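Here's the structure, in structure tokens; my notes come after.
Values in this text are rule-based calculations from the coordinates and carry no lab data. What you see is a predicted model, and the numbers here were worked out from it, not measured in a lab. Neighbour counts run over all protein chains shown; Cβ positions are idealised from the backbone, glycine included.
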Amino acid sequence: MKRIFAAALAGVALISFEARAQTSTLHFGVAAGAAIPVGGLSDNVNTGFNGTVTVGLNPTLIPLGIRIDGAYNQFSVKSGLGGGSLHYTSVTGNLVYKIPGASFSPYAIGGAGWYNAGASGGGGSSNNFGFNIGGGISMALSGFDTFLEARFNQAQSAGSPARYVPITFGVMF
């Protein structure tokens, strides 16, 4: 029963992709905001900042879209731990489920990708797998969209994973 349902769902998705090929729109965007460390990361660093660039493919006939995000998050190390900074650079592929609305459109977003962790002072860096999940609200304006978004990120590592939540405001063109 589960296999039949999964096959039917995949078939509908493939038909939808073909049917909407002519009606998809490509968007480019930028966002910035605060990056809040959570879990064990918050013991070592202070709230930092986030900068994100994004490319999205949003079909007009179905509410599911695709986004590729490049993000940079930097945190200052707490003064009692020697100072300096810690940063996470990531490139993620995400699915976006947008709930249609007249002026405001809430959405859910989640995905996975590459996360690079590094520290100031030449401490080296490490490449790891990570994922994110969150949500936001977009508002269509004349010629562009604005959005407010929060996403939980987890970057895996040999020790404990790093967890943080960027809260960003952005524009999509």
*FRET efficiency, HIS27 to SER79 (Cβ-Cβ, R0 45 Å, nearest 0.05)*: 0.65
*Per residue of the stretch 163-171, in order, report the coupling 6.51 cos²θ - 1.76 cosθ + 1.60 (Karplus, θ = phi - 60°) as ³J(HN,Hα) in whole Hz, putting x for Gly and Pro.*
10, 7, 10, x, 10, 10, 10, x, 10
*asked:* If the only charges are +1 at each Lys and Arg Cβ and -1 at each Asp and Glu Cβ, what is the size of the charge dipole of the stretch 30-173 around the Cα centre, to the nearest 20 debye?
replied: 80
_Using a Förster distance of 25 Å, the FRET efficiency for ALA108-ASN44 (Cβ separation, nearest 0.05)_ = 0.25
*Along the stretch 104-111, what does the Karplus equation 6.51 cos²θ - 1.76 cosθ + 1.60 (θ = phi - 60°) give for ³J(HN,Hα), rounded to whole Hz, x for Gly and Pro?*
10, 10, x, 8, 10, 9, x, x
*Work out, step by step, the length gained on full extension between PHE169 and SER142: first 0.36 nm times the residue separation, then minus their alpha carbon distance; give nm to one decimal.*
8.0 nm
*How large is ³J(HN,Hα) for each residue in the stretch 134-150, as worked out from phi by the Karplus curve 6.51 cos²θ - 1.76 cosθ + 1.60 (θ = phi - 60°), to whole Hz, x for Gly and Pro?*
x, x, x, 9, 10, 9, 6, 10, 6, x, 7, 10, 10, 8, 10, 9, 9
